[in-house]
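The values are calculated or read from the model by the stated rules, or taken from the named source; none is laboratory data. These numbers were taken from a predicted model, which means no experiment stands behind them. Positions of Cβ are backbone-derived with ideal geometry, glycine not excepted, and every protein chain shown enters the neighbour counts.
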Amino acid sequence: MIPHRSRNPTSNRKLHRQSVGEVVGSYAPNRFLIVLEEGAALLTEAASGLQLDRAHAPTFEHEYWHFLQNVTTLAGFKSFAFSQQFLPLFSRTLAPDGSSKGSLALTDAEREDLQVLLKLLDAFEGDVGPEDEPDDVVVIQAGTMDAGLTLRGRTAPSEVAKLRLLLRFQTGEERQIEMRLGSCAIEESVAAIVEHEVADALGIPPDPLPEFPYRVVQRVVEYAVGHSVARRIQAALGTLSLMSVHPGPALLRVTQSYRAALDSGLDSAKAPMPIG
C-alpha cells in the first residue's frame, strides 16, 4: 500500500507545475476560495481597462472546476458534510482563550467517532499517488470492498475502490503498488482535462502535469475499455462518478457500463450507467 496523503477537508488543493515545480493556483475545498499566486493573475490592468491574461486562464479554469465540483456534485456535498462533522469536535478541543486542549478534551465516544470519521474520509477521498513520479502507469486490477465501519452504533456505508497499478520509470524499473481510488484523484483528473481543453482552445501549450493524481481517470478508463478514449469521454465518466457519495466505486461501475455499451454497439450516451 502506498503512503496515504489525504487532504484535510478544509485544506488547500494545490495545482503543481511539474515543469518548474511551482504552485501557481489552489482551491480551498468547503471554503469556496480560489487563490492564484503572485505573478499568475488572471486579469491585468491596461490602458484600455482590465485584460485577460491568456497564459493563466487554464490554471484559473482548473481551480474554478474544483469549485463547481464542490458545489454541484454529491461528492462535493459529502466533502462539505465531512467538514461540518469535524468542526464541532475540533471546537470542543479549544479553551476559552483560544488555546488547544487537545483530543483529551473529547469524551471516549467522541474520540471513537473521530477515528471512524477519519477512516470514512480516507475511504471517500482515496490516495493521491506515490511520492515518486513514474513515466507510465497501467491499471492491472480494480475492485471494491467494504471497510466494515460503524458510527454511533450504526453501519456506516464505507465502500472502498482499490487499484493495483504497474509503475514504469525511465530507469527501466517497474513496480506494483495498490491505490485507493476516491474523490481526490477523480476531481483532479477531471479538472486537469478541463485545463487542457481551455489551453487548446486558447492556442497555448498546456502545462505538463504528472501522472498522479492528474491522469488517474484516464488510466482507469483505459483499463475498462482496453484503449484510449477522447478526453471529453474521460471527463464525462469522471464527472458522473462524482454524482455519487462513493465516487471511487462509482467510477469503476460507470467505466464498465461504458465498455458494455461499446461492446454491444449501442450509443454510449444512451447506455445505462449506474453510479450507486
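Things to note:
- Number of the exception - Gln141 against (1) in a helix (DSSP H, G or I); (2) modelled with pLDDT of 95 or more; (3) not charged (D, E, K, R): (1)
- Qualifying positions in segment 116-134 - loosely packed, with under 12 Cβ neighbours inside 10 Å and more than 17 Å from the chain's Cα centre (by Cα): Asp132
- Segment 95-114 - residue that is out of contact with any helix residue (DSSP H, G or I) (no Cβ under 8 Å at 6 or more places or on another chain) and surrounded by 11 or more Cβ atoms within 10 Å (Cβ to Cβ) and, of those, nearest to Pro247 (Cα to Cα): Glu112
- Screening Asp146 against (1) among the acidic types (Asp, Glu); (2) touching a strand residue (DSSP E or B) at 6+ places or on another chain (Cβ under 7 Å); (3) over 26 Å from Thr239 (Cβ atoms) leaves a single unmet condition, (3).
- Qualifying residue in segment 219-233 (condition: of a type in the set (Val, Ile, Thr), surrounded by 14 or more Cβ atoms within 10 Å (Cβ to Cβ) and over 18 Å from the mean Cα position of the chain (by Cα)): yes
- Helices (runs of 4 or more DSSP H) wholly inside segment 161-244 that include at least 1 residues being over 20 Å from Gly126 (Cβ atoms) and in contact with a His (Cβ under 8 Å, 6 or more places away or on another chain): 183-202, 231-241
- Unique residue being in a helix (DSSP H, G or I), out of contact with any Asp or Glu (no Cβ under 8 Å at 6 or more places or on another chain) and of a type in the set (Gly, Ala, Ser) when the list is Ala109, Ala75: Ala109
- Enumeration of residues in segment 112-138 that are part of a loop (DSSP other than H, G, I, E, B) and in contact with a His (Cβ under 9 Å, 6 or more places away or on another chain): Gly126, Asp127, Val128
- Qualifying positions in segment 157-208 - in contact with a Ser or Thr (Cβ under 6 Å, 6 or more places away or on another chain) and either surrounded by fewer than 16 Cβ atoms within 10 Å (Cβ to Cβ) or modelled with pLDDT under 95 (or both): Glu159, Pro208
- Counted as qualifying within segment 9-59 are the strands (runs of 3 or more DSSP E) with 1 or more residues that are farther than 19 Å from Val128 by Cβ and at pLDDT below 80, namely 43-46.
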